[in-house]
Amino acid sequence: MFLKRLAIVSLVSIFLAAQVTAQTQDGAKLPDTPAGRTLAAFLTALNSGNLDTLRRFDSERGGNEDNAQEDMNFYNQSGGLKLSKVVASSDYEIEVLAQAKKDDRWLRFKMRVAPVPPYPATDIGIQPASGPEDASRVKTLLMIRQACRQSERT
């Protein structure tokens, strides 16, 4: 059992080293999943700084158009978002690290979407972050937790 866990931890460490080496300063590519596509459309609408575009996003995605004003308020505070990296992702949830364009503060942005088309956002969460090192720490913990769960099943 000890050797099995040691092997898993070693594999996770190698994987993390490869990930750190492969990262670029250009930002992150969103995955081709319902959550990734919805987040990409949301960021495009948000970064437009246009209330009508935000309303259209909500309308096309089956969301509540009244949320557009809240999104516009967020845009006015942040100046939009620059995507830095994907922290965690599944088909219907995604968490990213982003930086506000107006004041360069770091944010962890999480979106959950409905499991049926047009995949409307059902939950959006925003938390302050300390920067890319914060996202790496969270991703490492998630990967270790997942590896431990898999080893417990076998």
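The values are calculated or read from the model by the stated rules, or taken from the named source; none is laboratory data. Just so it is clear, the structure is predicted and the values come from calculations on it, not from any experiment. We place every Cβ from the backbone using ideal geometry, glycine too, and count neighbours over all the protein chains shown.
Which one of these is part of a strand (DSSP E or B) and within 30 Å of residue 133 (Cβ to Cβ): 102, 82?
82
Just to be sure I understand, how many residues within region 31-54 are part of a helix (DSSP H, G or I) and closer than 18 Å to residue 120 by Cβ?
Residues that pass the stated criteria total 15.
How many residues are modelled with pLDDT under 95 and over 16 Å from the mean Cα position of the chain (by Cα) if we restrict to region 95-154?
11
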